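Right, one structure below, let's go through it.
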Amino acid sequence: MTDPNHYADMYNAYEKTPKKIHILDSTLREGEQHPGVSFTNKQRIQIAWMLDYFGVDQIEISPVVSPDHREATKTIIQQGLRADIVSHGRALREDIDTSLSCDAKWVAAYLGISDIHLKDKLRITKDEALERAVDTVTYAKDHGLKIRFTVEDGSRAEPEFLLKLCRAIEEAGVDRISLPDTVGIMRPIGMYNFVKKIRSEIKTPLDVHVHNDIGFALANAFSACDAGVDQIHTTIDGIGERTGIPALAEVAVALTYLFKSPNDFRLDMLADLSRLIEQYTTIKPYDSKPIVGSSAYKHKAGTHLAAILNNPAAYEPIPPRVVGNRRKIVFGELAGKTGASYLMSLLGISKDPETAKSVAAGLKNLRMGDVLEIPLEDRLERKIIKDEKKGEK
Ligand code: HCA
Ligand code: CU
């Protein structure tokens with residue numbers, strides 16, 4: 001049989017030599033802007049290590065928010081991780097100085113450039129903003145730093161001014177530009193047009209940073225990739241200001257399976273990364289959260305169970321083992337004959353179609369909804385476990 005995803009892959013039309021898309025994880029910066037989230041320095045260091053081991057390309061943290069954060073930034077930079085540590089702050093010399101005091105090699109500077117941010121937040125003119133942007137980039141370059149510049153609220157900024165500013169910082173030697181949809185107002189085609197406009201004139205590598213206010217963040221991030229960005233910002237579980245940004249798990253899985261972007265992510269850490277954040281924040285991801293949610297690999301309806309017991313790929317895009325999650329089947333009023341007969345075989349009751357039917361009817365009569373959930377490994381997994389047990393003997 002061909003790969004069950006073969007025709008879907010055809011529609012997804014990934015390129016013959018797919019582009020490498022990088023991940024910047026901002027759990028330690030954007031993530032800490034989520035209400036109720038504040039990590040200890042020990043936790044920050046552990047999270048950085050785990051993200052690095054997982055395989056993200058850049059890890060963002062802000063040393064300017066508190067002395068504690070400055071300490072954490074310094075320590076994480078000292079660890080010599082494989083990922084770049086990006087020290088985030090405002091587009092001001094003093095924030096670059098703070099990053100320098102942490103021995104940062106990479107910095108990020110943000111400046112609101114939409115009319116509303118210029119007028120009602122920063123109270124500066126367009127010319128002053130331009131000057132500040134160029135000054136910040138020049139200052140960072142003069143100090144031997146790599147710098148990403150964020151045109152905050154860029155999706156709502158006047159396009160000609162946005163381009164003018166991008167040209168000016170490119171001229172000043174900026175290494176990356178982050179294009180954010182700060183208030184999550186874009187739809188995928190809009191994001192595509194926005195990025196395309198910049199891409200057609202600017203050669204500097206681009207990041208995409210998109211908020212999820214209306215639920216389009218993940219889709220917008222990938223539209224931006226189609227239009228030419230090569231790095232997506234994520235956080236574990238998508239935590240961040242308000243409704244957050246794309247979740248690391250969803251981005252990493254989509255890059256691997258839907259974009260075929262070459263990478264060496266350890267996807268099997270995804271469920272554990274989510275649990276770690278849950279433990280440190282007490283924010284539990286909702287059950288149906290893609291990839292890491294507790295229901296992401298549960299199967300319930302009788303027709304689904306019948307198929308899953310034969311071949312889980314019938315109702316799963318990728319196996320749970322790949323992302324560190326577990327498959328479970330739910331027995332109850334929807335289990336049907338196949339579900340009932342499987343349950344009987346598990347209980348050691350010899351099954352015949354008639355009894356299975358009565359058990360299925362009995363499960364309905366109980367009127368208890370879902371009665372029982374059990375983990376279900378696929379055949380390959382069972383074989384691996386068996387082989388491992390053999391090896392132990
Ligand atoms: C912020 C704004 C920001 C910056 C994004 C970036 C946004 O909270 O500082 O630096 O790429 O959403 O615009 O998170
Ligand atoms: Cu943001």
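Given the structure, is G55 surrounded by fewer than 20 Cβ atoms within 10 Å (Cβ to Cβ) and in contact with an Asp or Glu (Cβ under 7 Å, 6 or more places away or on another chain)?
Numbers: surrounded by fewer than 20 Cβ atoms within 10 Å (Cβ to Cβ): yes; in contact with an Asp or Glu (Cβ under 7 Å, 6 or more places away or on another chain): yes.
Judged against the criteria, G55 is a match.
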#### Entry: Of the criteria (1) open to solvent by 10 Å² or more (accessible area, probe 1.4 Å); (2) in contact with a His (Cβ under 7 Å, 6 or more places away or on another chain), which one K197 fails
(2)
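Of the residues that sit in segment 235-246 and are within 14 Å of ligand 2 (Cβ to nearest atom) and more than 27 Å from E201 (Cβ to Cβ), which one is surrounded by the fewest Cβ atoms within 10 Å (Cβ to Cβ)? First the steps, then the outcome.
Pass one, segment 235-246, residues within 14 Å of ligand 2 (Cβ to nearest atom): 235, 238-246.
Narrowing the set further to residues that are more than 27 Å from E201 (Cβ to Cβ) leaves 235, 238-244.
Numbers: T235: 27, G238: 26, I239: 24, G240: 26, E241: 18, R242: 13, T243: 15, G244: 21.
Among those that are within 14 Å of ligand 2 (Cβ to nearest atom) and more than 27 Å from E201 (Cβ to Cβ), it is R242.
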### Message
For segment 10-21, give me each residue that is outside any loop (DSSP other than H, G, I, E, B) and either within 16 Å of ligand 1 (Cβ to nearest atom) or of a type in the set (A, V, I, L, M) (or both).
### Response
M10
#### Entry: Residue that is nearest to R199 (Cα to Cα) [pool: residues in segment 158-175 that are surrounded by 18 or more Cβ atoms within 10 Å (Cβ to Cβ) and among the aliphatic types (A, V, I, L, M)]
L162
#### Entry: Set R82, R93: member being under 21 Å from T136 (Cβ atoms) and either surrounded by 13 or more Cβ atoms within 10 Å (Cβ to Cβ) or not aromatic (F, W, Y) (or both)
R93
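Quick one: in segment 120-143, of everything that is part of a helix (DSSP H, G or I) and surrounded by fewer than 13 Cβ atoms within 10 Å (Cβ to Cβ), which residue is nearest to the chain's Cα centre (by Cα)? Break it down into steps so the answer makes sense when it comes.
Residues of segment 120-143 part of a helix (DSSP H, G or I): 120-122, 126-142.
Keeping just the survivors that are surrounded by fewer than 13 Cβ atoms within 10 Å (Cβ to Cβ) gives 120-121, 127-128, 142.
Numbers: D120: 31, K121: 29, D127: 36, E128: 35, D142: 33 Å.
In this case the residue turns out to be K121.
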### Selection status of R187, in contact (Cβ under 8 Å) with a residue 12 or more places away in the chain, away from ligand 1 (no atom under 12 Å from the Cβ) and not small (G, A, S)
yes
### Task
State yes or no: is T338 of a type outside the set (D, E, K, R) and out of contact with any helix residue (DSSP H, G or I) (no Cβ under 6 Å at 6 or more places or on another chain)?
no
### Query
Checking P353 against (1) touching a Ser or Thr at 6+ places or on another chain (Cβ under 8 Å); (2) open to solvent by 60 Å² or more (accessible area, probe 1.4 Å); (3) at pLDDT 95 or above, which test does it fail?
(3)
### Task
State whether the residues of segment 155-166 include one that is in the same structural domain as C102 (by TED's automatic domain parsing), in a loop (DSSP other than H, G, I, E, B), at pLDDT 95 or above and not hydroxyl-bearing (S, T, Y).
yes
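If a residue must be open to solvent by less than 30 Å² (accessible area, probe 1.4 Å) and assigned to a loop (DSSP other than H, G, I, E, B), how many such residues does segment 33-47 contain?
Step one: of segment 33-47, the residues open to solvent by less than 30 Å² (accessible area, probe 1.4 Å) are 37, 39, 44, 47.
Next cut, assigned to a loop (DSSP other than H, G, I, E, B) only: 37, 39.
Qualifying residue count for the region: 2.
Taking segment 174-209 as the region of interest, how many residues are in a strand (DSSP E or B) and within 14 Å of D230 (Cα to Cα)?
Step one: filter segment 174-209 for residues in a strand (DSSP E or B), giving 176-181, 206-209.
Adding the requirement that they be within 14 Å of D230 (Cα to Cα) leaves 176-180, 206-209.
Selection size over segment 174-209: 9.
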## Note on the structure
Across segment 22-32, the tally of residues that are within 23 Å of T256 (Cα to Cα), in a loop (DSSP other than H, G, I, E, B) and within 11 Å of ligand 1 (Cβ to nearest atom) stands at 1
### Task
Output the number of residues of segment 269-291 satisfying the condition of being within 28 Å of D226 (Cβ to Cβ), open to solvent by 70 Å² or more (accessible area, probe 1.4 Å) and in a helix (DSSP H, G or I).
0
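The values are calculated or read from the model by the stated rules, or taken from the named source; none is laboratory data. Note that this is a predicted model, so its numbers are computed, not measured. Ideal geometry is used to build each Cβ from the backbone, glycine not excepted, and the neighbour counts take in all protein chains shown. These accessible areas exclude ligands, DNA and RNA; they are computed on the full protein's heavy atoms, side chains included. Shrake-Rupley method; radii C 1.70, N 1.55, O 1.52, S 1.80 Å.
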